[in-house]
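**Q** Quick one: the structure is below, and I'll ask about it shortly.
The values are calculated or read from the model by the stated rules, or taken from the named source; none is laboratory data. Just so it is clear, the structure is predicted and the values come from calculations on it, not from any experiment. A quick note on method: Cβ atoms are made from the backbone with ideal geometry, for glycine too, and the neighbour counts reach across all protein chains shown.
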């Protein structure tokens, strides 16, 4: 039951590494050398890579919810439903979705004329900050794409919620306490990662405008772009018994 999970964890680790490498090293270099300028193409490339890794990770987390659902609710069919070829196809679909979404979003964002200067008030190039520089008429085109994106993200979120409802129902029917504990331990790391990913993203993009400020926007951007990929490996490693024993000794 663990082989597909570790395959997906490998992909998740690569996406986390790519995501944090897109923003943090550039910001640290700019702070170290006190250079705040970034080229137009550099900004577009940074946005594309960030959207690519974030979108692919969200899709992969959706796939991993299905993996946990099959492992707990349909264990006898696990090898059939999640064979090597199926796992590769699902992971490829997640990466491919990230590629297409990033290409569409980046092309649409940077095709909008900029009428409000060229200063991005953020530590990396992200869509909301770039849209603040755009002309009002062209702005509506990007808003339509954002609405579609929210609908797709909500669909993935509903899929994960439904999967976990079925998982919890199946776990509660397990007669032994040890069996229930083992089943929950398989799901809790993934659930924690999803909760952190979704909560930081929602707060970043759906926070009330009344509490928005440049300093808060900076903190929130760091929160959702740096914290989840940095914390995810720690969350999943908590299942490692050797790590647990080391923490108890501390």
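**Q** Between residues in the range 101-114 that are over 12 Å from residue 44 (Cα atoms) and residues that are crowded, with 18+ Cβ neighbours inside 10 Å and at pLDDT 85 or above, which pairs lie under 9 Å by C-beta distance while being six or more apart or on different chains?
**A** 101/51; 101/52; 101/55; 101/56; 101/59
**Q** So, one more: Write out, first by first residue and then by second, each pair whose Cβ atoms fall under 7 Å of each other, whose residues are 6+ apart or on separate chains, and whose first residue, in the range 165-188, is part of a loop (DSSP other than H, G, I, E, B) while the second is surrounded by 12 or more Cβ atoms within 10 Å (Cβ to Cβ).
**A** Correct list of pairs: 174/180; 174/183.
**Q** Can you go through 196, 206, 218 and tell me which one is surrounded by 11 or more Cβ atoms within 10 Å (Cβ to Cβ), at pLDDT 70 or above, under 27 Å from residue 158 (Cα atoms) and under 21 Å from the mean Cα position of the chain (by Cα)?
**A** 196
**Q** Residues that are at pLDDT 90 or above: find the helices (runs of 4 or more DSSP H) completely inside the range 1-120 holding 2 or more of those.
**A** It comes to 3-33, 40-73, 84-110.
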